[in-house]
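A.B. asks: Structure provided below as structure tokens; questions to follow.
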Amino acid sequence: MAMHVAGVTLLGPTEALGAARSVVEWSGRAVTAAVRLPDRVTALLDGVEMLISRIDDLSKRADELVTRVDAIAEAAGQAVVHANAVADGASAVIDRADLIADDAGRVASTASEVVNQASRTGDGARDLLEELPGLVRRLEVEIVPVLSTLDQVGPDTHELLRVVKELRLAVHDIPGLGPV
């Protein structure tokens, strides 16, 4: 039983023994926990070291990934610059192709006109060829005989001029007509 002396409660032997047993049990558990504490701290430190190692690995992988992303971004930037240059070149080619197409249209139009003119010329040549036998007959019948007499035109002309001169002299001698 418990006693009270000077305002302090003193435990009886049973209670003191129970309290001592509780303290011993608690001390045993504390000692056991304290004995296990270094192993637990060691295991905890091993876990922390493993975690730090994994964090280091992740950090290295993240750095490598950032480096790769930077390289990809740089390559993408260069690809964009190249694509812009290609697009500018393509635009220039398209503009040039438009000019060529316009020129080709004009050339085609001119060629069409030339073909039409050649067709008309061909038609005229065909018509001329169809008329050619008749022209050759007329040339043989009408022109060649006249040409064969041209060798006598010179002497005949000379004779004609002589006669005109004599006529003029004769007319001059007629009174009242005077020189002609």
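Please treat every number below as a calculation from the coordinates, not as lab data. Everything numeric here is computed off the predicted structure, so don't read it as measured data. No Cβ is skipped: glycine too gets one built from the backbone with ideal geometry, and neighbour counts run over all protein chains shown.
A.B. asks: Counting pairs of alpha carbon atoms under 8 Å apart in space and at least six apart in sequence, what relative contact order in percent does the chain give?
C.D. replies: 5 percent.
A.B. asks: Need one number: the % of Cα-Cα pairs in the range 12-134 sitting beyond the 26 Å mark.
C.D. replies: The proportion of pairs with Cα distances above 26 Å equals 74 percent.
A.B. asks: Quick check: the angle from helix 153-172's long axis to the longest principal axis of the chain, C-alpha only, nearest 10 degrees?
C.D. replies: 50 degrees
A.B. asks: Between the helical axis of 13-138 and the dominant principal axis of the chain, each derived from Cα atoms, what acute angle in degrees is found, rounded to the nearest 10?
C.D. replies: 0 degrees
A.B. asks: Excluding residue 62 itself, what net charge comes from residues whose Cβ is under 13 Å from its Cβ, given Lys and Arg +1 and Asp and Glu -1?
C.D. replies: -1
A.B. asks: Taking Cα centroids, how far is the range 3-38 from the range 122-174 in Å?
C.D. replies: 168 Å
A.B. asks: Choose one of 76, 55, 31: the residue whose Cα lies farthest towards the positive end of the charge dipole of the chain (beta-carbon charges +1 Lys, Arg; -1 Asp, Glu; about the Cα centre).
C.D. replies: Positive-end residue among those listed: 31.
A.B. asks: Counting Lys +1, Arg +1, Asp -1, Glu -1, what net charge surrounds residue 32 among other residues with beta carbon under 13 Å of its beta carbon?
C.D. replies: Taking every Cβ under 13 Å from that of residue 32, the sum is +1.
A.B. asks: Would you work out the charge dipole size for the chain about its Cα centre, treating the Cβ of every Lys and Arg as +1 and the Cβ of every Asp and Glu as -1, and quote it to the nearest 20 debye?
C.D. replies: That gives the chain a dipole magnitude of about 1180 debye.
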